[in-house]
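Single-structure report; data block below.
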Amino acid sequence: MSDRNGYPVIDRSRRGPYPPTEEMLAEPVPQEEQEAQQRRLREVWATPKGFRYWTAVNNTEVGVWYTMTAFAFMLMAGVMALIIRVQLAVPENDLVSADRFNQLFTMHGSAMMFLFAVPMFEAISILLLPGFLSARDMPFPRLSAFGYWCFLIGGVFVIGSIFFDAAPNSGWFMYPPLATQAEGPGSDIWLLGLSFIEVASIAAAVELIVGSLKCRPPGMRVNIMPLYAWYVMVVGGMILFAFPPLIAGDFLFELERSLDWPFFDPERGGDPMLWQHLFWIFGHPEVYIIFLPSIAIASMIVPTVARRPIVGYSWIVLSAVGTGFLSFGLWVHHMFTTGLPNISLGFFSAASESVVIPTGIQIFAFLATLMVGRVKVNLPMLWIAGGLAIFTAGGLTGVMIAVAPFDFQVHDTYFIVAHLHYTLFGGMVFPVIAGVYYFFPFIRKVQLSERLGRWAFWLIFAGFNICFLPMHLTGLKGMPRRIYAYPEGLGWDWLNMISTVGAFIIAAGFAVFVWDLLRPKGHQPQIPRNPWGGGTLEWTHDVPAENWGVRSIPHVHSRYPLWDDPKLLERVDAGRYYLPDSKQGQRETLITSVIDAEPMQVQKVTGPSWISIWAAIFTGACFILPTFHIYWPAAGAGALAVACIIWWLWRDTARPPEVERKDVGLGLSLPTYASGPASVGWWAMWITMLGDATGFASVIFGFFFYWTARPDFPPEGAAHADGLMIAAAAILLLSSWALTLGARRLNWSGRIAGARIALGVAPVLALLGAAALAASVLHLSPSSHVYPAILCAVVIWVGAHTGVGVVMQLYCLAGSLAGKLTPNHDADLHNVTLFWHFQALSALVACAVMGLAPLLLEAPA
Amino acid sequence: MTAENDTEHGQPAEPEKDRELAEFAEERESLLRITFAPLTWALHFVLCYGTVSLACIKGLIPLPYTRAGLIAATGLALALIALIGWRAFVQWDVRRTGDFTNPEGHAEHRHQFLGHAGFLLAIISAIGVIYTGLPLFILASCK
């Protein structure tokens, strides 16, 4: 075996037979061994008791908290909707003031979108995805827990503001100048609170993408994975490209709010349209980010109901991926009335019409499955059917308003309100409730009431149509959105009254549903293990509940393993398959390859800890305190958050394992450590950086947007960034990148001293580079015009990332000195190098834009 | 082919299976490949949107040239998507296998499935590109 300066190369290949033969699988496991394995697994995966329960990080606990919290926020936003409806029930009502009404509709929309719809997808996926994939847990459980606590803190902060009459009041899309000039902390609460939650969303997206790429059971190639996993990958990818533009927008917006940098102020060269672009580049994919995971639930329920495999699996994959892409070409259809060139409107109108095709395909695939199957309608299917009917109606009005001239007529009227509620109720609320009924036996090991479920369905279905169908007419009769009162005699009176009555019928339906969820169910007899007769892996769950996720991780070779392999369940239970044991007392799951799910590694996963809660509390303080203009304590909290995260990573991630390989059952031996593209951490970094790069690209887009849309950008005779300093910054930052890369190579080849020197010099160069970048704009006055402001914003962005990069380099240096990072255990250094690839690229782009673009753009136009 | 595979279901060590594994084992396929056609659509879309903004808002390029250039770009994008789609169709190999669903956990089924998905995505991307191209034909002025 080759030798690298005294460090032997560790063989991390798979050893032993794979795939398992029928004879191997047929061999029984002795009873005593089974019991001993069960005992050990139970102990390792036990949920903490008492007060320490809240330190749990397992997907089954975090998923339940997450869903329940999102659901609670949804109910609160629903109550706001009821107050809105009561206010509008009769003309010239004075139940609430105009300002209170503004707060109510702003919070209703913001909460439903940011605190319910998107988090609900993440919550449900965290809860269910490991079950679909027979994984013991998600690859980064503490990240899920961190995301949850961030969501809880941020959500309570944002929604709580309404009780203090301090809520944002400029509408859920926060258009400047209304929102930038709004008085009170409302806009800041929206910006900082929701940015905080968006960060948590991106964390969840990373977790879910890596989970569905790398944590599938052996043999589950991409052509047989549950459709839900396809949807999760697509939606996770969409979050990565959709949320960062909004975060970049928030960044600029908050700079304008707190430092008076005029990004959206036309008097000083800014442009409110930039916000609209950034918001809707997020906002329209957002609709599909909400819709696709819900329809993914339908794709799990429909085959069970039809009692046959889904028809058109590839077609549904096409529609998920196709919708994911096309949904990014629709954003301007929210801006049809802003005076953009007609041809541009045409592009977006065309894309809006074409997205109907993939969306329609998946609905037809469901209908085809039901037509050719032996349908046995159950309660979840009733909700799916109701949802599809409502969604289709919403889709049809969508086809109408995608036509620009029609939109000119109904823009900002109740027609739009009706349309968006039809799509979101049909596309999200109904399928999610269907999922609650369908998966409740999997989650809680008890069933919900069939009778109450039917009551809830008919109340919500009828109430919904009574409430929202008349709104189409109200809108066509000219009633604008967001007015808090209207005069008598415009023909809107009775329509509004009907809508209000419908709203209360919906509320009654939800009351029945909530009662069904929360009522005590202790007396229920034990449920059957597979109550609906599903064919996918989640129904290998244990009844009564066990915390280990899956008793042993099966080898699968079809889309519906429970239908196609009659011996599978028995073998899973006997611990015949992979990872049936945890001899070292560690939480572990299996990592497989991306395309063909061949076993690659045993991954240790982290267990219960307070650290994710502390990290969330300090991160929360760092975002929340600036809302009240308390900056220094916020900076302190930020430092503490970073310290918590470093502590958490240092203690529990990517440490050299006690043993380099483990026997995972069926004669297979797998490595316990991986670095680079073989490791889950590397994938997580890659995916995170893709999102981060999108955010940076959005800021750069801002620069070129101003240049395109504004005649005075850059203004005549404007001071530019200092070219010499920019050149110095580029050279220094690139050198830091080169040293990081060099450190990785040196470390790998066993030249540890050299690697340490490189890791010691690299942060110094990086800091000097950031300082040079800052020095290049010091003489500019960013509040005078948008040109210096955007240059300074780019410097802040790159500077902050350099700071993160420096911490990473020092982390690796410390790891090398402490023996955590060795030539054979260099996952951290691989991930840090990957970060620096992106960092070097953004530094280059930033320096080019700041230093070169002004010279080219100023040329006589 | 499919019927044969069905009988072997769940017995991965059969010789037929080994042959398939050998045939496709060397292939390091990437999931990204199925996104090439939609990516072409996205690039074409951004190109159209950006260029028209430069022509109509900034006034950098005269509109007739913009339209002509973008219509040419539309043709180019369609040709590229056709090429991607054709390669995916060959990979799907439905004319030989007659298999439209590829539901089995074999390397060959996975390989053909990715071809099928790529082919369908090429069709939807082509439709998207054609739709995006329509305003260039129909509208002759910025306003």
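The values are calculated or read from the model by the stated rules, or taken from the named source; none is laboratory data. This is a predicted model, so every value here is computed, not measured. Cβ sites come from the backbone with ideal geometry, for glycine too, and all protein chains shown count toward neighbours.
Please work out if residue B:108 is among the acidic types (Asp, Glu) and more than 7 Å from chain A (Cβ to nearest Cβ).
Answer is yes for this residue.
Out of all the residues in the range A:308-316, is one or more among the aromatic types (Phe, Trp, Tyr), surrounded by 21 or more Cβ atoms within 10 Å (Cβ to Cβ), within 27 Å of the chain's Cα centre (by Cα) and away from chain B (no Cβ under 12 Å)?
No.
Any idea how many residues of the range A:609-633 are closer than 21 Å to residue A:191 by Cβ, touching a Phe, Trp or Tyr at 6+ places or on another chain (Cβ under 9 Å) and surrounded by fewer than 20 Cβ atoms within 10 Å (Cβ to Cβ)?
Looking only at that region, the number is 2.
When you scan the range A:729-741, do you find a residue that is at pLDDT 95 or above, within 33 Å of the chain's Cα centre (by Cα), part of a helix (DSSP H, G or I) and of a type in the set (Val, Ile, Thr), even just one?
Yes - at least one qualifying residue is present in the range A:729-741.
Are there helices (runs of 4 or more DSSP H) fully within the range A:376-449 with at least 1 residues that are under 22 Å from residue A:298 (Cα atoms) and within 26 Å of the chain's Cα centre (by Cα)? List them. Steps first, answer last, please.
On the way: elements: A:379-401, A:404-410, A:414-424, A:430-444.
Where helices (runs of 4 or more DSSP H) fall fully within the range A:376-449 and carry at least 1 residues being under 22 Å from residue A:298 (Cα atoms) and within 26 Å of the chain's Cα centre (by Cα), they are A:379-401, A:414-424, A:430-444.
Can you tell me which residue within the range B:112-130, out of those that are at the interface with chain A (Cβ under 9 Å from one of its Cβ atoms) and surrounded by fewer than 23 Cβ atoms within 10 Å (Cβ to Cβ), is nearest to residue A:557 (Cα to Cα)?
Ranking the qualifying residues of the range B:112-130, first place goes to B:123.
Which of the numbered conditions does residue A:338 fail, given that it passes all the others? Conditions: (1) within 25 Å of the chain's Cα centre (by Cα); (2) in contact (Cβ under 8 Å) with a residue 12 or more places away in the chain; (3) within 14 Å of chain B (Cβ to nearest Cβ).
With (1) within 25 Å of the chain's Cα centre (by Cα); (2) in contact (Cβ under 8 Å) with a residue 12 or more places away in the chain; (3) within 14 Å of chain B (Cβ to nearest Cβ) applied to residue A:338, the lone miss is (1).
Residue-by-condition table, conditions (1) outside the structural domain of residue A:300 (by TED's automatic domain parsing); (2) farther than 17 Å from residue A:429 by Cα; (3) in a loop (DSSP other than H, G, I, E, B); (4) within 31 Å of the chain's Cα centre (by Cα):
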{"site": "A:454", "(1), (2), (3), (4)": "no, no, no, no"}
{"site": "A:461", "(1), (2), (3), (4)": "no, no, no, yes"}
{"site": "A:470", "(1), (2), (3), (4)": "no, yes, no, no"}
{"site": "A:475", "(1), (2), (3), (4)": "no, yes, no, no"}
{"site": "A:478", "(1), (2), (3), (4)": "no, yes, yes, no"}
{"site": "A:511", "(1), (2), (3), (4)": "no, no, no, yes"}
{"site": "A:523", "(1), (2), (3), (4)": "yes, yes, yes, no"}
{"site": "A:539", "(1), (2), (3), (4)": "yes, yes, no, yes"}
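Name the residue, out of A:283, A:270, that is more than 14 Å from every other protein chain (Cβ to nearest Cβ), small (Gly, Ala, Ser), surrounded by fewer than 23 Cβ atoms within 10 Å (Cβ to Cβ) and touching a Phe, Trp or Tyr at 6+ places or on another chain (Cβ under 7 Å).
Only one candidate qualifies: A:283.
Out of (1) over 21 Å from residue A:185 (Cβ atoms); (2) buried (at least 24 other Cβ atoms within 10 Å of the Cβ), the odd one out for residue A:158 is which?
(1)
Determine whether residue A:495 is assigned to a helix (DSSP H, G or I) and either in contact with a His (Cβ under 8 Å, 6 or more places away or on another chain) or not acidic (Asp, Glu) (or both).
Numbers: assigned to a helix (DSSP H, G or I): yes; either in contact with a His (Cβ under 8 Å, 6 or more places away or on another chain) or not acidic (Asp, Glu) (or both): yes.
Taking the combined requirement at face value, the residue satisfies it.
Could you look through the range A:341-359, keep only residues that are more than 27 Å from residue A:240 (Cβ to Cβ) and either within 29 Å of the chain's Cα centre (by Cα) or not β-branched (Val, Ile, Thr) (or both), and pick out the one that is farthest from the other protein chains (Cβ to nearest Cβ)? First the steps, then the outcome.
Kept after step one, since they are more than 27 Å from residue A:240 (Cβ to Cβ), are these residues of the range A:341-359: A:341-343, A:345-346.
With the extra rule that they be either within 29 Å of the chain's Cα centre (by Cα) or not β-branched (Val, Ile, Thr) (or both), the set shrinks to A:341-342, A:345-346.
Details: A:341: 4, A:342: 5, A:345: 8, A:346: 3 Å.
Here the answer is A:345.
Can you tell me which of (1) outside any helix (DSSP H, G or I); (2) away from every other protein chain (no Cβ under 12 Å) is the one residue A:247 doesn't meet?
Single failed check for residue A:247: (1).
Need the failing condition index for residue B:101 against (1) of a type outside the set (A, V, I, L, M, F, W, C); (2) more than 12 Å from chain A (Cβ to nearest Cβ); (3) not in a helix (DSSP H, G or I), just the number.
(2)
Determine whether the range A:385-394 contains at least one residue that is buried (at least 19 other Cβ atoms within 10 Å of the Cβ), in contact with a Phe, Trp or Tyr (Cβ under 6 Å, 6 or more places away or on another chain), over 30 Å from residue B:59 (Cα atoms) and without any contact (Cβ under 8 Å) to a residue 60 or more places away in the chain.
Yes: the range A:385-394 contains one or more residues that are buried (at least 19 other Cβ atoms within 10 Å of the Cβ), in contact with a Phe, Trp or Tyr (Cβ under 6 Å, 6 or more places away or on another chain), over 30 Å from residue B:59 (Cα atoms) and without any contact (Cβ under 8 Å) to a residue 60 or more places away in the chain.
For (1) farther than 22 Å from residue A:230 by Cα; (2) outside any loop (DSSP other than H, G, I, E, B); (3) in contact with a Cys (Cβ under 6 Å, 6 or more places away or on another chain); (4) at pLDDT 85 or above, each residue gets a yes or a no:
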residue: B:6; (1), (2), (3), (4): yes, yes, no, no
residue: B:20; (1), (2), (3), (4): yes, yes, no, no
residue: B:27; (1), (2), (3), (4): no, no, no, no
residue: B:50; (1), (2), (3), (4): yes, yes, no, yes
residue: B:75; (1), (2), (3), (4): yes, yes, no, yes
residue: B:84; (1), (2), (3), (4): no, yes, no, yes
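On the given criteria, is residue A:104 within 26 Å of residue A:175 (Cα to Cα), buried (at least 16 other Cβ atoms within 10 Å of the Cβ) and touching a residue at least 40 places away in the same chain (Cβ under 8 Å)?
yes
State all residues of the range B:57-98 that are among the basic types (Lys, Arg) and either closer than 25 Å to residue A:322 by Cβ or within 13 Å of chain A (Cβ to nearest Cβ) (or both); if no residue qualifies, say none.
B:58, B:67, B:87, B:95
Of everything in the range A:820-861 that's farther than 30 Å from residue A:660 by Cβ and part of a loop (DSSP other than H, G, I, E, B), which residue is farthest from the other protein chains (Cβ to nearest Cβ)?
Top of the filtered list is A:858.
May I ask you to verify whether residue A:773 is in contact (Cβ under 8 Å) with a residue 24 or more places away in the chain, closer than 14 Å to residue A:851 by Cβ, crowded, with 17+ Cβ neighbours inside 10 Å and not β-branched (Val, Ile, Thr)?
yes
Select, from B:141, B:125, the only residue that is small (Gly, Ala, Ser), more than 30 Å from residue A:220 (Cβ to Cβ) and touching a residue at least 24 places away in the same chain (Cβ under 8 Å).
B:141
Only one of (1) within 14 Å of the chain's Cα centre (by Cα); (2) modelled with pLDDT under 95 is not met by residue A:231, so which one is it?
Result: residue A:231 passes all but (2).
If a residue must be more than 21 Å from residue B:59 (Cα to Cα) and either out of contact with any His (no Cβ under 9 Å at 6 or more places or on another chain) or not assigned by TED's automatic domain parsing to the domain that holds residue A:277 (or both), how many such residues does the range A:330-368 contain?
17
Please go through the range A:317-337 and give me each residue that is surrounded by fewer than 24 Cβ atoms within 10 Å (Cβ to Cβ) and of a type in the set (S, T, N, Q), ordered by number.
A:337
With respect to residue A:222, determine if the residue is out of contact with any strand residue (DSSP E or B) (no Cβ under 6 Å at 6 or more places or on another chain), part of a helix (DSSP H, G or I) and either within 11 Å of chain B (Cβ to nearest Cβ) or not small (Gly, Ala, Ser) (or both).
So residue A:222 does not fit the description; no.
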